[in-house]
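In what follows, a single structure is set out as structure tokens and then discussed.
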Amino acid sequence: MQVIETITNEPLHFTQMANGLPVLILPKQGFQKKYAVFAVHYGSLDSEFEVAGKGVVKVPDGIAHFLEHKLFEDATIPVFERFAKFGASVNAYTSYNLTAYLFSIIDFFPEALRELLHFVQNPYLTEENVAKERGIIEQELRMYDDHPDRRIYRNLLNALYHRHPIRIDVGGTFESIGEITVDLLWECYRLFYQPANMALAVVGDVNPAEVLDIAARQMEEWQYQAQDIKRLLPDEPDTVNKPWIEERMSISQPRCYLGFKHNQHLTGRRLLKQQLAMNMIWHSLGARSSPVFAGLYDSGLINDSFEAGFHGTPQYAFSMAGGETDDPQQLDKALREAIADLQKKLLNTEQVERIKRHILGGYLAAFNSLDYLANSLISHLFHGTSYLDVPEVLESLTVDEVNQYICEAFDLDRSAVSVLLPE
Amino acid sequence: MDFVHYKIAEGVNLYLGETEKFTTLTVKVFIQDSLAPETVAANALIPSVLIQGTKSYPTRTALVQKMESLYGCAFWTDVSKIGERQILEFYFDAVSPRLIPNGKQVLKEGLMAFGELITDPLVEDGAFRRDYFHKEKRNLAKMVDGLINDKQAYAVYQAVKAMCKGEPYSLYKYGERDQIERLEPEEALRHYQELLRSNPIDVFAVGPNLEDLPELIGAWPWQRKSLRELPPVSVKEEVQEQEVFETQDVQQAILVMGYRTAQRYLSPDYYGLLVANGILGVFPHSKLFVNVREKASLAYYVDSSLEGSKGLLTVTAGIAPQSYGQAVEIVRRQVAELQDGVITDEELTRTKIGLISGIKKMLDNPAAVIDRNLIGIVHHELRSPQTVLESIAAVTKEQVRKAAQGLRLDTIYCLSGPKGEA
């Protein structure tokens, strides 16, 4: 087992098991809670792939999320009950890139870890329980439809992208979930749920050797098929789909987001650098410390709902900035001007150093959150980056590098605006 | 974790919870006031005016830049409602001094700026700075209008409003538009100065290296006169048994069922009620989740929550509009089961384990370690985690049954789409 010291002087244990599963363990002394995530590098974007002997396969949207729901089914004792016995809260989530199964617990950690590894390895899918799940997921999708935040976000991605599956909700659509069958679920499960395409992270007051021992025993019998995964994404044009999109719904105040499509899709250290630099740039424009924010706020164009940030993984990269506003046109114009202005003036050393300190402080504070740590360790691993590299990469970013991003990353021709208006 | 208590001034308490396990040092300040129609909007507005600038850092940009340069000291303000108290909340955290260069100095500067924000507000001619005040007034009014954007929160509040009509508890913690529009910066400053002089103030700190805090916080420019005792929560015995329907353009209907409870925080058998609520609707194994979601596939979410200060239990479910009757019936039946003592050993054990785990997990989160004491400071009875854990462990089925028998259904509220479209 490799041991790497964190910036907070805690030892992160890392190893790859014989079956190929990466395992990350961060013992946290003094904490009552233990938190474990067993994740699959398989998310909603992976709806098209190449299978050996079968060629290109395209499956309905929302399967990763559907599978996530279904894995909680068990032939005898429902999964929730297996965990409730130990006082564990078990949960799961699906994102664009990954599906994560997790629990947090105080006592009975070994027992719960065995349950976690067991249920993810043993799907129980029947025609009947799959049909029933459609009703539950449909309710979930409806619930999201009533959320203005979700709608304006989805609309923005639809405006930015022509074909990329990021256009579609992680859960899929009413139509696509209707097409999901037991066979399709099995097909995707067999392809993606294999140790080399997964990872286990445990954070809490645990013994790393014990965790590894449990993991090894609990996976002895697993009948998985090791095979190469070739994910396919449709060819996405550089241009945006449409520059402006608006919709009406029952809300009290209009909302407006300006989005940028970035065409640099990176992995590893370069991705980490891109993420940090872009977040510093958006921080300089949209954080509460920003004169740009103050100007917009004082003129009444934005309120405290305003946010701005970069979202990038090896499969996509976009930025968005916005919030509630009485005048979407004016806000769009002001934001574009602020970016153009920043491209002229650039950031100076004082600004960059202050924002670096701020980001480092946030990084250190996050070591209080076991959940955040475990999930960050996993998502960085799947992106080919390391969460522990953040301070060092942050330190290494120069003012010139950040300014280079300012000049190159924002192409006003590759931007779109999403607006929600009250009915 | 047990807190060590210090008295800073008359009615100003400091509680220190020293621990090495966190990478931050977290401080929260709570100023209490009675929840009342005359002051609810002012109390909601004042914290957001204070954060716009201080005497030393007169703009929010300058203040936040200062905090950022101190390795990202975080600070925010809010207002909360516990029973019939409104609480002005001020939050601050700094990175543990041992993890950054000049840690002690960073902490000192951060705490000074934070303390000034609370105790020595930026004023002009006997009023809050007018431009900040009016801007925040507009923002607060819009935020209150915006409650309608969050259908679930909106539905729960409408249900509580219908249920507690005429009682202070029916007030929205951020005030209503007309209450906000009447606010003036002179009057609001006078009110805030009165709070600083006489209302109960509690300061909590959690983290490593707290040894300097009594001195640092004691050095804030406190202006104390005396301590004003606030009245206890009002209790209403009778229930209305009313149904309230509202229509809006929503995809999913939201059902809220409000019960009054016989026990509250200071009742000897309060923990019987806490466990009853857990068996009913807090966990995946709870009766509501199993029967409404899993067995009948009626809802995406369903849960119950307890307001232990006022004594309210509310069940909330997202349902298809046509399932209203069926959902109400299932909820009623689950409550009736609890009242008849139809509780398995498993339900009782798992609920206790769940509640106990929940409390232990709170101890791993600095803000939660602090916030769990709010109900205690309101009722002048702080309870250590150990006391609460032992009380929960000791609850019997009979106590759960008795607590459940004290539940009386007051209001059934449903928000759904226009008729014909459901």
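So how far apart, in nm, are the two label points at residue B:228 and residue A:311 if each is 7 Å from Cα heading toward Cβ?
4.7 nm
Rounded to whole Hz and in sequence order, give me ³J(HN,Hα) for segment B:125-133 from the Karplus expression 6.51 cos²θ - 1.76 cosθ + 1.60, θ = phi - 60°, writing x for Gly and Pro.
3J(HN,Hα) across segment B:125-133, in whole Hz: 6, x, 8, 4, 3, 5, 5, 5, 4.
Place the peptides B:68-76, B:139-147, A:218-226 in order of packing, highest mean first, counting for every residue the other Cβ atoms within 10 Å and averaging per peptide.
Highest mean packing first, the order is B:68-76, B:139-147, A:218-226.
With the crude spin-label approximation of a point 7 Å out along Cα→Cβ, what separation in nm comes out for residue A:265 versus residue A:235?
So the label points at residue A:265 and residue A:235 sit 1.4 nm apart.
Indicate the gyration tensor shape class of segment A:244-422 (rounded, prolate or oblate), computed on the Cα atoms with a ≥ b ≥ c the square roots of the eigenvalues: a/c under 1.5 is rounded; otherwise a/b larger than b/c is prolate and the rest oblate.
Prolate, since a/c reaches 1.5 and a/b exceeds b/c.
Going toward the positive end of the dipole of segment B:249-298, with +1 on Lys and Arg Cβ and -1 on Asp and Glu Cβ, which of B:268, B:254, B:281 do you reach last?
B:268
Considering chain A as a Gaussian network with a 10 Å cut-off on Cα pairs, which listed residue, A:362, A:309, A:204, attains the greatest mean-square fluctuation?
Result: A:362 has the largest fluctuation of those listed.
Compute a Gaussian network model of chain A, connecting alpha carbons closer than 10 Å, and tell me which residue from A:378, A:136, A:177 fluctuates the most.
A:136
With runs of 4+ DSSP H residues as the only contributors, calculate the mean residue ellipticity of chain A at 222 nm using -39,500 (n - 2.57) per run, divided by the residue total and rounded to the nearest 500.
-13000 deg cm²/dmol
Taking the Cα centre as origin and putting +1 on Lys and Arg beta-carbons and -1 on Asp and Glu beta-carbons, what dipole magnitude results for the protein assembly as shown, to the nearest 20 debye?
640 debye
Defining a contact as two alpha carbons under 8 Å apart and six or more residues distant in sequence, what relative contact order in percent does segment A:295-370 show?
21 percent
If r is the Cβ-Cβ distance from residue B:62 to residue A:58 and R0 is 56 Å, what FRET efficiency results, to the nearest 0.05?
0.55
Rounded to whole Å and ordered largest first, report the semi-axes of the equivalent ellipsoid of chain A derived from its Cα gyration tensor (root of 5λ).
Over the Cα atoms of chain A, the ellipsoid semi-axes are 37, 28, 20 Å.
Tell me, B:228, B:293 in order of fewest to most beta-carbon neighbours within 10 Å?
In increasing order of surrounding Cβ atoms, one gets B:228, B:293.
Please name whichever of B:92, B:6, B:192 sits farthest to the positive end of the charge dipole of segment B:4-218, dipole taken about the Cα centre and charges placed at Cβ: Lys and Arg +1, Asp and Glu -1.
Toward the positive end, the furthest listed residue is B:92.
Find out how many positive minus negative residues lie around residue B:388, taking Lys and Arg as positive, Asp and Glu as negative, among other residues whose Cβ is under 11 Å from that of residue B:388.
Result for the neighbourhood of residue B:388: +2.
Taking the Cα centroid of segment B:251-308 and of segment B:170-242, what is the distance between the two, rounded to the nearest whole Å?
Value for the Cα centre distance between the two parts: 30 Å.
Tabulate in residue order the Karplus-calculated ³J(HN,Hα) for segment B:396-407, using 6.51 cos²θ - 1.76 cosθ + 1.60 with θ = phi - 60°, rounded to whole Hz; enter x for Gly and Pro.
9, 4, 4, 5, 5, 4, 4, 5, 5, 5, x, 7
Under the 0.36 nm per residue contour assumption, what length would be gained going from the current alpha-carbon distance of residue B:187 and residue B:165 to full extension?
Difference between extended and current length: 5.2 nm.
Out of all DSSP beta bridges in chain B, what portion is antiparallel? Express it as a percent rounded to 5.
Just about 80 percent of them are antiparallel.
Based on the mean of other beta carbon atoms within 10 Å per residue, what is the order of A:96-109, B:213-226, most packed first?
In decreasing order of mean packing, A:96-109, B:213-226 become A:96-109, B:213-226.
Using a Gaussian network model on chain B with a 10 Å cutoff between Cα atoms, which of B:173, B:287, B:55 fluctuates the most?
Taking springs between Cα atoms under 10 Å, the residue moving most is B:55.
What does the charge count around residue A:158 come to, taking other residues whose C-beta lies under 9 Å from its C-beta (Lys +1, Arg +1, Asp -1, Glu -1)?
+3
Please compute, for peptide A:138-147, the average count of beta-carbon atoms on other protein chains lying within 10 Å of each residue's beta-carbon.
Average neighbour count from other chains, rounded to a whole number: 6.
Rounded to the nearest 0.05, what FRET efficiency do residue A:343 and residue A:149 give with R0 = 41 Å and r taken as the Cβ-Cβ distance? Could you check?
0.90
Across peptide B:347-356, what mean number of C-beta atoms from other chains lies inside 10 Å of a residue's C-beta?
3
In whole Hz, with x marking every Gly and Pro, tabulate ³J(HN,Hα) for segment A:381-396 from phi via Karplus 6.51 cos²θ - 1.76 cosθ + 1.60, θ = phi - 60°.
4, 5, 8, x, 10, 10, 4, 6, 7, 3, x, 5, 5, 4, 4, 6
Label 7 Å along Cα→Cβ of residue A:242; segment A:157-186 residues with amide nitrogen under 11 Å?
Taking a point 7 Å out along Cα→Cβ of residue A:242, the residues of segment A:157-186 whose backbone N falls under 11 Å are A:158-160.
Quick one: if you stick a label point 7 Å off each Cα along the C-beta vector at residue A:1 and residue B:239, how many nm between them?
5.4 nm
Compute the long axis of helix B:324-339 from its Cα atoms, compare it with the longest principal axis of the Cα atoms of chain B, and write down the angle in degrees, 0 to 90, nearest 10.
It is inclined by approximately 90 degrees.
Using only DSSP helix segments of four residues or longer, with each worth -39500 (n - 2.57), what per-residue ellipticity at 222 nm results for chain B after dividing by its residue count and rounding to 500?
-12000 deg cm²/dmol
If you add up the charges near residue B:14, with Lys and Arg at +1 and Asp and Glu at -1, over every other residue whose beta carbon is less than 14 angstrom from its beta carbon, what do you get?
With Lys, Arg at +1 and Asp, Glu at -1, the net is -3.
For a quick protection proxy, order the peptides B:236-247, A:261-272 by their average other-Cβ count within 10 Å, most packed first.
In decreasing order of mean packing, B:236-247, A:261-272 become A:261-272, B:236-247.
For residue B:310, which sequence-distant residues (separation of 5 or more, or a different chain) have an amide H within less than 5 Å of its own amide H, given hydrogens modelled in the peptide plane?
Those qualifying (amide H under 5 Å, at least 5 residues apart or on another chain) are B:83.
What average number of partner chain Cβ atoms lie no more than 10 Å from the Cβ of the residues making up B:360-371?
Mean number of neighbouring Cβ atoms from other chains: 4.
Roughly how far apart, in whole Å, are the Cα centres of segment A:369-423 and segment A:61-112?
Centre-to-centre distance over Cα atoms comes out at 29 Å.
Just so you know, all these numbers are worked out from the coordinates, no wet-lab data involved. Quick caveat: nothing in here was measured; it's all calculated off a predicted structure. FYI the Cβ positions are ideal-geometry reconstructions off the backbone, even for glycines, and counts take in every protein chain you see.
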